[in-house]
1. Classify the stretch 1-160 from the C-alpha gyration tensor, please: rounded if a/c falls under 1.5, else prolate or oblate depending on whether a/b exceeds b/c.
2. V328: net charge of surrounding residues, Cβ under 12 Å, Lys/Arg +1, Asp/Glu -1, itself excluded?
3. Counting other beta carbons within 10 Å of each Cβ, put M327, M219, M321 in order, fewest first.
4. Name the most mobile residue of I351, I87, I315, meaning the one with the largest mean-square fluctuation, in a Gaussian network model of the chain with Cα contacts below 10 Å.
5. Take the Cβ-Cβ distance between D354 and E278 as r, set R0 to 25 Å, and report the resulting FRET efficiency rounded to the nearest 0.05.
6. On a 0 to 90 degree scale, rounded to 10, what angle separates helix 175-190 from the longest Cα axis of the chain?
7. What ranking of D61, D159, D280 emerges when the number of other C-beta atoms within 10 Å of each C-beta is taken as an exposure proxy, fewest first?
8. Relative contact order for the chain: what percent, with Cα pairs under 8 Å and sequence separation of 6 or more?
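Read-outs throughout are calculated quantities, based only on the coordinates presented, and are distinct from any laboratory measurement. A quick note: this is a predicted structure, and the numbers were derived from the prediction, not measured. Cβ sites come from the backbone with ideal geometry, for glycine too, and all protein chains shown count toward neighbours.
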Amino acid sequence: MTIYADRLAILMQAIAHAGLQGLIINQAPYIFHLTGWMPATGSLAFLVIGPHSVVLVAPFDPDAPERIWDQTLRYDAWRADALTPAIDQAGAALREAISDAGLYRAAVGAALDALPAFAALSLSDVVHLHDARDLLFRATMIKDSVAQQAIRKRVAMLDRAFAAAANTIRSGVNELEVYTAIFAELSMALGSLPVVECVFGSGSRTLADEPQPTSRVLMPGDIVLIDLFPNLDGYVADCTRCFVVGTATAAQQAQHRALEQALAAAERALRPGIAVAEIDRLVRRTIEGAGYGPWCYQHHTGHGFGLLTVEPPWILSSGEMLLKEGMVIAIEPGIYHPQHGGMRLEGNYIITVDGCESLAGYPATLTECM
């Protein structure tokens, strides 16, 4: 069996285990995972998996490394002779796919938070829909060797992006100029245009919720927090580094060292069988022990990634999951001090048979940009 057939077989087992007869997938990362074809942003595509047949609904019949589907039902995304709403055409094709896949009146799963309303409405009288988000999470949480290697390459691209940022960050440069350097480096590394999502803040903006790059001009002593989580040809990397404009103060260095110690403590503990809650406690205790308890992060300690930016396992104090070999996770402690600035440090890891493999190559120290 090929990698795509193996992935489909794993998903089919998960469908049966959940007591469902089939599954509708419309999220592009999952379609890519099963076919090697990534639908364009904004494109309506559905992979309908039945007990004996798999049907793709799309505006065209795509090229893919392997056809794990049996037929493609094409719909008109647009017509030259009439204003034909794409959702009407896609909805009709989706109903036909349900019939062809042998799922009429069957219990069918879908990620209901991602399924378009028009699709759910068009299917309301032909299938019994059940939420399958957790099913998809669990069926893809363990990354196979092909996915692991692809993720390694994407994290290495972020190493290049952070180096480009360090070479650009200077007093008088604005945030957008730094972001542009990052985008250009990732484009060259990938060989095509990436989708570069990020959190990017400097100075007091490092304390804001989810800041985005602006025309703010960098000043001496500014902390620059850059969290990159781009989709790079179907796979996501997710890493954070902090920089300082000029020479860091002793207080800034001390704050960042606390994050380095917290991340190192997590890295030493990562292995199959350890509870995610224990990792969360270990990281938070390290920060509190360094004297930064009042400014310790309030967000999660970490999460899985690879197909989606954020996916299980969630590294939370209330989490009950145990880490397993093949999981790919990010650990991202933060300290948000009102005087010294907000800082976050993120490591990327593959859980191995007896520990973990650290993926990020860019230094985990506070980078001084002169």
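1. Working: a/c = 1.83, a/b = 1.27, b/c = 1.44.
Because a/c hits 1.5 or more and a/b fails to exceed b/c, the stretch 1-160 counts as oblate.
2. Working: positive: K143, R152, R154, K324; negative: D144, D238, E311, E325, E357.
Net of charged neighbours comes to -1.
3. Numbers: M327 24, M219 12, M321 16.
Going from least to most buried by this count: M219, M321, M327.
4. The residue that fluctuates most here is I87.
5. Values: r = 17 Å, r/R0 = 0.68.
That gives a FRET efficiency of 0.90.
6. 50 degrees
7. Working: D61 13, D159 19, D280 22.
Ordered from fewest to most neighbouring Cβ atoms within 10 Å, D61, D159, D280 come out as D61, D159, D280.
8. Working: 786 pairs, mean separation 52.5, N = 370.
Taking the mean separation of contacting Cα pairs over the length of the chain, I get 14 percent.
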